[in-house]
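The values are calculated or read from the model by the stated rules, or taken from the named source; none is laboratory data. All of these numbers come straight from a predicted model, not from anything done at the bench. Cβ placement follows ideal geometry from the backbone for every residue including glycine, while neighbour counts extend to all protein chains displayed.
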Amino acid sequence: MFQKEYETMPRRELRSLQLERLRWSVRNAYDNVESYRRHYDQAGFHPDQLKKLDDIRRVPFLTKEMMRENYPFGLFARPMEDVVRLHSSSGTTGNATVVGYTARDIEVFAEVVARCLAAYGGTKKDVLQVAYGYGLFTGGLGLHYGAEKLGAATIPIGGGNTDRQLMLIQDFGTTMLACTPSYALNIADHIAVKRPDFKLRDTNLRVGILGAEPWSEEMRLEIEERLGIEAYDIYGLSEVIGPGVSAECEKKSGLHIFEDHFYAEIIDPETGEVLPEGEKGEIVYTSLTKEACPVIRYRSRDISRLYHDDCVCGRTHVKMEKVSGRTDDMLIVRGVNVFPSQIESVLMEYEGTEPHYQIVLDRRGAMDDIEIQVEVTPAIFSDELKNLQGMASGLEERIKSTLGVSAEITLVEPRTIERSLGKAKRVIDRRQ
Amino acid sequence: MVKQVSVFLENKPGRLEHALKVLADGGVNIVALTIAETSGFGLLRMLVDQPTKAAQALNSAGITSSETPVTAVEIKDTPGSLLAAVKGFKERNLNIEYLYTFTERHTEDCIVVIFRFENCETAERVLWKEGYKLLSHEQITGKKQDDA
């Protein structure tokens, strides 16, 4: 464990540390950010109302829209002279959001990422290849600083160029590879098609640090089997800090949120009500120590559930389930809520089906149509039409019974669905 | 038993061309070919002179294919000959998945019919017992099988 005294802190002690830090953090936002102050004054909230942790429910939410309205620096609580780094979201769904870090924020960022790496068994003896994109995206630099903080030999290769990734894995003796889960599968495909002679199992690679997009348990099994590694989930969002908000431990059952820095709640995305522990809903984050860009009750739009389970790893921090979808990814099809991750699970469960798929939504008359394009790999190919058609109709039945809506399965040739090095585009919505 | 190469193709323009180009570039000659189609995809089934080479070329181009055992049988080019053969299969409860034929005469009075049976081995034993002539890869393509 990288910071045992915090990671295994008894709950009571942790809660009192959280309260103390929460009051500081809300004060930091209120005193130094005009937008927060106006927002709170209008809602009749004042930081002095925070007497106990549960009083956080009185604090108004921070939404993605508010962050965008304040582009670029409207939510900064420190002058630019104290800011040492700026990151920004890709802004694919609207304006970009910008986050700034003080030197102390960067230090915390590196520490929480180092905690993640240690949780996956990483030590300073490891050689860590960072195949996340470097740049405005927090993935590359986040992993980079965390790996250096841990003391691992860090390879800043960045995303893409799979042949070069393989060369370095072999020549530099890479033990841990950080990338998106879809890129991990991309590597497996690349080896199968272009480099069948390359034996990943003969290299030192043993751990995958996978995040930046939701992925299913079935996808984990496939990655582990095809790459011969242990695949761990790393989670984070740039608004809160970047990767390192939470991480799986050796148990691979849920991700521990580093609660001494981030306070998490689950709310009903419709009503905004805080839900009891164990219920599924939208995660809301509050940064407890960030100086430059405090986020107070930030609605992440990520869907998960929080619980405590006396984890054998010894960490006392709350666990979150693997993110199962996003409130804004949620597809409403004929009135039914559908998450792409559910469709992925069905495809993966079905024997032999690789998770290369794309969901296409269209409107036929007044009805919404879901088409799921699935690539036919040699593993599921049959020379007989009836077998292929049987597979498609079997999947259709499974999807209907799991999701409650019917979808049409279309079989497509391998590698016709676009592979991205960053986030996989799983949904094409043509209904607008 | 003869090896047939089967290829998965999407049912849209350019896909057949792509597969054929891969085979041509690989120096593979096609001796018989048939396409089965559905609304969304098709199956290209072929007998080629070098099945192993064909599979390798298709695979490295990222085209999904498989090798399927089929049975090549000489049938008399006269009215009722195919009927007689098929009748024999029915009596022995042998199911034909699909078949296609060479229309050109293989010998003076015979053509070649390619059968895909549910159970290739049993079917071949039956045909052989009934005196049908089963053809090898070499007899059909004029070349030795490339993996033998």
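Annotations
- Single residue of segment B:122-148 satisfying the filter (of a type in the set (Asp, Glu) and modelled with pLDDT under 90) that is nearest to residue B:30 (Cα to Cα): B:146
Here is a yes/no grid of residues against (1) in contact with a strand residue (DSSP E or B) (Cβ under 7 Å, 6 or more places away or on another chain); (2) of a type in the set (Phe, Trp, Tyr); (3) without any contact (Cβ under 8 Å) to a residue 12 or more places away in the chain:
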residue	(1), (2), (3)
A:180	yes, no, no
A:183	no, yes, no
A:186	no, no, no
A:189	no, no, no
A:196	no, no, yes
A:201	no, no, no
A:207	yes, no, no
A:210	yes, no, no
A:215	no, yes, no
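- Segment A:159-192 - residue that is β-branched (Val, Ile, Thr) and touching a helix residue (DSSP H, G or I) at 6+ places or on another chain (Cβ under 7 Å) and, of those, nearest to residue A:121 (Cα to Cα): A:174
- Selection status of residue A:86, more than 19 Å from residue A:248 (Cα to Cα) and part of a strand (DSSP E or B): yes
- Tally, over segment B:17-45, of residues that are over 15 Å from the mean Cα position of the chain (by Cα) and within 10 Å of chain A (Cβ to nearest Cβ): 8
- Filtered residues of segment A:137-146 (kept if touching a helix residue (DSSP H, G or I) at 6+ places or on another chain (Cβ under 6 Å) and among the small types (Gly, Ala, Ser)): A:142, A:146
- Boolean, residue A:373 is under 27 Å from the mean Cα position of the chain (by Cα) and either in a strand (DSSP E or B) or without any contact (Cβ under 8 Å) to a residue 40 or more places away in the chain (or both): yes
- Index of the failed condition, residue B:5 passing every other in (1) within 24 Å of residue B:135 (Cα to Cα); (2) at pLDDT below 95: (2)
- Qualifying residue in segment A:12-22 (condition: closer than 22 Å to residue A:283 by Cβ, without any contact (Cβ under 8 Å) to a residue 40 or more places away in the chain, of a type outside the set (A, V, I, L, M, F, W, C) and assigned to a helix (DSSP H, G or I)): yes
- Positions within segment A:1-11 being over 25 Å from the mean Cα position of the chain (by Cα) and part of a helix (DSSP H, G or I), in sequence order: A:5, A:11
- Hits in segment A:366-379 (condition: closer than 17 Å to residue B:43 by Cβ and either at the interface with chain B (Cβ under 9 Å from one of its Cβ atoms) or surrounded by fewer than 16 Cβ atoms within 10 Å (Cβ to Cβ) (or both)): A:375, A:376, A:377, A:378, A:379
- The number of residues in segment A:28-74 that are outside any helix (DSSP H, G or I), among the small types (Gly, Ala, Ser) and surrounded by 14 or more Cβ atoms within 10 Å (Cβ to Cβ) comes to 1.
- Pair list, Cβ under 8 Å, 6 or more apart: segment B:128-143 residue under 15 Å from residue B:88 (Cβ atoms), other residue aliphatic (A, V, I, L, M) and part of a helix (DSSP H, G or I): B:132/B:85; B:134/B:127
- Members of segment A:266-309 that are among the small types (Gly, Ala, Ser) and surrounded by fewer than 16 Cβ atoms within 10 Å (Cβ to Cβ): A:272, A:278
- Yes/no for residue A:399 being modelled with pLDDT under 90, surrounded by 19 or more Cβ atoms within 10 Å (Cβ to Cβ) and more than 10 Å from chain B (Cβ to nearest Cβ): yes
- Among the numbered conditions (1) in contact with an Asp or Glu (Cβ under 8 Å, 6 or more places away or on another chain); (2) surrounded by 21 or more Cβ atoms within 10 Å (Cβ to Cβ); (3) small (Gly, Ala, Ser), the only one that residue A:121 does not meet is (2).
- Segment A:167-190: number of residues that are at pLDDT below 95, in a helix (DSSP H, G or I) and not aromatic (Phe, Trp, Tyr): 9
- Enumeration of residues in segment A:310-323 that are buried (at least 17 other Cβ atoms within 10 Å of the Cβ) and not hydrophobic (A, V, I, L, M, F, W, C): A:315, A:316, A:317, A:319, A:322
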